[in-house]
Amino acid sequence: MISIGNFFFKYRNVLFIFLYLLLFIPSPDLFPEQVFGPQYHLWPIITGLLITVAGQIIRGATIGLAYIIRGGKNGKVYAEDLVTTGLFRHCRNPLYVGNVLMLFGVGVLSNSLIYVLVVMPVFFFIYQTIVLAEENFLLKKFGYSFVMYCKAVNRWLPSLTGIKATFASMRFKWKRWLIKEYNTQYIWLSGIACLLLLEYPQLTGFDDEKRNLWLAIILPLLLIYYLSIRYLKKSGRWKND
């Protein structure tokens, strides 16, 4: 499992995009009209948005409160320090919890039974193997400290005990959040916009011209956001502190 996790760790960003594209494959409805009535589309929209936004909030809080070097080193698992502050006091893998919720939420938003029942278990398996590979690295590097940390903090299920004190004791660094998260946000928000406007013609009154107009407005604005944050990061005007 560890070797499998190391493989998935190296290619996880490509896998994420591939799994995201699977949102648009044809599938039976998760919330069928014959069961949920003529307003059935509101169920996946509201439920999906609540779940996926919760995932982004968790990722944002994790990045903004306690920095952890992500992306590994040379395509391999890597860590300079054992981070146990911020949301890492409440869950060993808050970023991955956020990822799972974000992808599960857009799966619900797409109203795809196949995505929720087939793709999401595959996605979770991938992340479980990645976590096992990371934990193997951390155990070898930090030894007893990591063992004690594992005994105190859950791998997946966050604990809310002391969460208020965690937020009160740390300053949220919003620039760091934007710098580290703008690429994920761009892909995530673009996917949500496409799902809402392409999968739910009810939202634009079944008017294709109105749908296309909204797409022509929203997608370029998201691209401008992406390019702006990227420029601020690459130019050094915003520093990752």
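When segment 112-166 is filtered for residues that are part of a loop (DSSP other than H, G, I, E, B) and either crowded, with 17+ Cβ neighbours inside 10 Å or not aromatic (Phe, Trp, Tyr) (or both), the ones remaining, listed by number, are Gly143, Val153, Asn154, Arg155, Leu157, Pro158, Ser159, Leu160, Thr161, Gly162. The residue list Leu232, Leu219, Leu198, Leu213 contains one member that is at pLDDT below 95, within 30 Å of Ser27 (Cα to Cα) and assigned to a helix (DSSP H, G or I), which is Leu198. Scanning segment 1-38 for residues that are farther than 20 Å from Asn99 by Cβ, without any contact (Cβ under 8 Å) to a residue 12 or more places away in the chain and either crowded, with 17+ Cβ neighbours inside 10 Å or aromatic (Phe, Trp, Tyr) (or both) gives a single hit, Phe36. Of the numbered criteria (1) surrounded by 11 or more Cβ atoms within 10 Å (Cβ to Cβ); (2) more than 21 Å from Tyr186 (Cα to Cα); (3) without any contact (Cβ under 8 Å) to a residue 60 or more places away in the chain, the one Phe206 fails is (1). For Ser159, indicate whether it is touching a helix residue (DSSP H, G or I) at 6+ places or on another chain (Cβ under 9 Å) and not assigned by TED's automatic domain parsing to the domain that holds Leu49. Answer is no for this residue.
Looking at segment 169-188, is at least one residue part of a helix (DSSP H, G or I), of a type in the set (A, V, I, L, M) and within 28 Å of Ser27 (Cβ to Cβ)? So far as segment 169-188 goes, yes, one or more of its residues are part of a helix (DSSP H, G or I), of a type in the set (A, V, I, L, M) and within 28 Å of Ser27 (Cβ to Cβ).
Residue pairs whose Cβ atoms lie under 6 Å apart, sitting 6 or more positions apart in sequence or on different chains, and linking a residue in segment 116-141 that is under 20 Å from Phe24 (Cβ atoms) to a partner that is outside any helix (DSSP H, G or I) and modelled with pLDDT of 90 or more, are Val116/Leu30.
Being closer than 29 Å to Val14 by Cα and either basic (Lys, Arg) or not assigned by TED's automatic domain parsing to the domain that holds Phe9 (or both) is the filter here, so list the residues in segment 120-154 that pass it. Within segment 120-154, Lys140, Lys141 qualify. Going through (1) more than 9 Å from the chain's Cα centre (by Cα); (2) closer than 19 Å to Thr166 by Cα; (3) at pLDDT below 95 one by one, Leu95 falls short only on (1).
Limited to segment 220-238, what total is found for residues that are exposed (fewer than 15 other Cβ atoms within 10 Å of the Cβ) and in contact (Cβ under 8 Å) with a residue 24 or more places away in the chain? Spell out how you get there, then give the answer.
Restricting attention to segment 220-238, the residues satisfying the condition of being exposed (fewer than 15 other Cβ atoms within 10 Å of the Cβ) are 220-221, 223-224, 227-228, 230-231, 234-237.
Subsequent filtering for residues that are in contact (Cβ under 8 Å) with a residue 24 or more places away in the chain retains 223, 230.
The qualifying residues number 2.
The values are calculated or read from the model by the stated rules, or taken from the named source; none is laboratory data. Computed from a predicted model, the values in this text were never measured in an experiment. When we count neighbours, we look across all protein chains shown, and the Cβ atoms used for this are built from the backbone with ideal geometry, even at glycine.
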